[in-house]
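Enquirer: Once you've had a glance at the structure underneath, I'll fire off some questions.
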Amino acid sequence: MAYRFLSWLSLKKRPSAAKGAPKKDWHEHHIVTLKSHEKFRTKEEGIPLFGKRAAWVHLYPKNEKDLVHLLKRYDIHPLTVEDIFNLSNRIKREKFPHYTYFCFRGVHLTGGYISTKDFNFILTKNTIITVSEGVRNTIDALLADKKLCQELLKKGPEFILHKILDVETDHTLHIVRDIDVAFERNEDLLLTFSAKLDIATVFELKSSLALTKKLILAHKDIFDEIHLYDMKDFSEASEAFYRDVRDHALKIIDIIDGISQAITSAVEAYNTISTKRTNDIIRILTIMTAIMLPLTLITGYFGMNFKHLPMTEDYYGYLKTIVGMGGLAVLMVLFFMKKKWL
C-alpha cells in the first residue's frame, strides 16, 4: 500500500468531490434510551428532557439555528453553540451550571490524507448529547449497535462518552503505527542515499506526527481535568475506564516521540552522508584541477606565437613534452597519496 501524508499546511487541499455526485443528507437525529431508539429529522417541540432516565441524543444539525431549536429545553449557552460550529474551535472542557461541554478532535487517514474531525459532547446529569456537522463513523457504528448502546446507558451516560473516546484514541494509535511503517520503508532509502527517496515524504511524516502529538497532548489535559473535576459526578466504575484511555493517549505520545527521534536521527545521518559525498566530489574535482593546472601551463607555454621557441626544431620534442607532462601528473598523484588527500 502506498502511503502519502500531507503536512498540516496542505490538509485543506483535499481532492474535490466529483461533479454530479449525490450529496448525502446526514441530518437524521437519534434518541437512544434504555427502552427505545428513535430516529427523526425534525421535532417541532425540540428534544425532551429525560429527567432521571439515562439517554443519549445524537444530532446532525443543519446550522446553529437548527441546533438551538432542538436543544431549546436544555438552556445551552450561545457560546457553546458557537463553538460547536466553529471550525477553529480548540480542544477543551467547559463547565456550565447544568452541563459540561467537551470538544475532542479525532485524527483520520483517508486516501493518504491526514485530516481531523471535531467531536462535540454536552453532558448533563443523566443525558449525553453528541453533535456533529457531518458523518462520524465511530458514532454511527455505535448507534447501529442498539444492544451495546443500552448496555452502556445502564452504566451511565459517561460510558457513551468513554466508548467514543476509546475507539477514537485506538484509531489514532493505528494511524501512528501506519506512519511508523511508512517511515521504516523510507528509512533504508534515506540511509543508503537512494535516488528513489523523496525526502519531502519524510518531512511530511514528521509533520503529521507533530500534528497528532499536539492533539493527543490536548486530549490528555482534558482527561486530567475529567479526573480532577468530573469523576464525582460519574459512577465509580467509570474511573478505571477513563484512566485506561488516558494511558492509551500517553502510549501514543511515547510512540510518536520514538518515531520522531528516529526520523531526526535518520535525517541527520542523511545530511552527514550527503555532506560527505559532496566533500568527496569537491575533493576529487580539486585534485583533478590541481593536476591539470601545470599541464595546462606547459601546453600554454608551447602554444605561444614566437618564432624562436626551445625544442621547436627538436625531432623528439613533442614526445619529450608528452612524457614530461605524464611524469609530472604521476608525481603529483604520488604526492597527493603521500599526503593522504587521495
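What follows draws every value from the coordinates through simple rules; no lab data is involved. For clarity, every value in this text was computed on a predicted model and none was experimentally measured. Virtual Cβ from ideal backbone geometry, glycine too; neighbours counted across all protein chains shown.
Enquirer: Can you pull the one-decimal nm distance between simple spin-label points at VAL135 and THR110, each 7 Å off the Cα toward Cβ?
Expert: 0.8 nm
Enquirer: Helix 158-191: angle to the longest alpha-carbon principal axis of the chain, degrees 0 to 90, nearest 10?
Expert: That helix lies at roughly 10 degrees to the long axis.
Enquirer: While we're looking at this one, here's another question. Scan the stretch 297-332 for chymotrypsin sites (Phe, Trp or Tyr not before Pro) in coil per DSSP, keeping those whose Cβ has at most 15 other Cβ atoms within 10 Å, and list them by number. Mind dumping the intermediate values first?
Expert: On the way: sites: TYR301, PHE302, PHE306, TYR315, TYR316, TYR318; in loops: PHE306, TYR315, TYR316.
Here the sparse-neighbourhood loop sites are PHE306, TYR315, TYR316.
Enquirer: First measure r as the distance between the Cβ atoms of GLU184 and LYS220, then evaluate 1/(1 + (r/R0)^6) with R0 = 30 Å and state the FRET efficiency to the nearest 0.05. Walk me through the numbers on the way to the answer.
Expert: On the way: r = 26 Å, r/R0 = 0.88.
Result of the calculation: an efficiency of 0.70.
Enquirer: Starting from the Cα of TYR301, step 7 Å along the direction of its Cβ; do the same at PHE203; then give the gap between the two resulting points in nm.
Expert: For TYR301 paired with PHE203, the spin-label model returns 5.2 nm.
Enquirer: Straight-line reach only, C-alpha to C-alpha below 17 angstrom: list the aspartates and glutamates that LYS340 could link to, leaving out same-chain residues fewer than 8 apart.
Expert: Result set, ordered by chain and number: ASP280.
Enquirer: Continuing with the same structure: For the chain, which longest stretch is free of loop sites, where a loop site is one of the GluC sites (Glu not before Pro) that DSSP puts outside H, G, I, E and B and that has at most 15 other Cβ atoms within 10 Å? Mind showing how you got there, number by number?
Expert: Values: sites that count: GLU28, GLU44, GLU45, GLU236, GLU313.
It runs 46-235.
Enquirer: By how many degrees, between 0 and 90 and to the nearest 10, does the Cα long axis of helix 199-225 differ from the longest principal axis of the chain?
Expert: Value to nearest ten degrees: 30.
Enquirer: Could I have the simple spin-label model distance between LYS35 and ASP254, label points 7 Å from Cα toward Cβ, reported in nm to one decimal?
Expert: For the pair LYS35/ASP254, the computed spacing is 4.7 nm.
Enquirer: Hey, which of these cross-link pairs are over 30 Å Cα-Cα: LYS72/LYS146; LYS214/LYS276; LYS43/LYS117; LYS52/LYS95?
Expert: Details: LYS72/LYS146 27 Å; LYS214/LYS276 35 Å; LYS43/LYS117 26 Å; LYS52/LYS95 20 Å.
Among LYS72/LYS146; LYS214/LYS276; LYS43/LYS117; LYS52/LYS95, the Cα-Cα distance tops 30 Å for LYS214/LYS276.
Enquirer: Measuring from centroid to centroid over Cα atoms, what is the spacing of the stretch 143-165 and the stretch 209-285 in Å?
Expert: 29 Å
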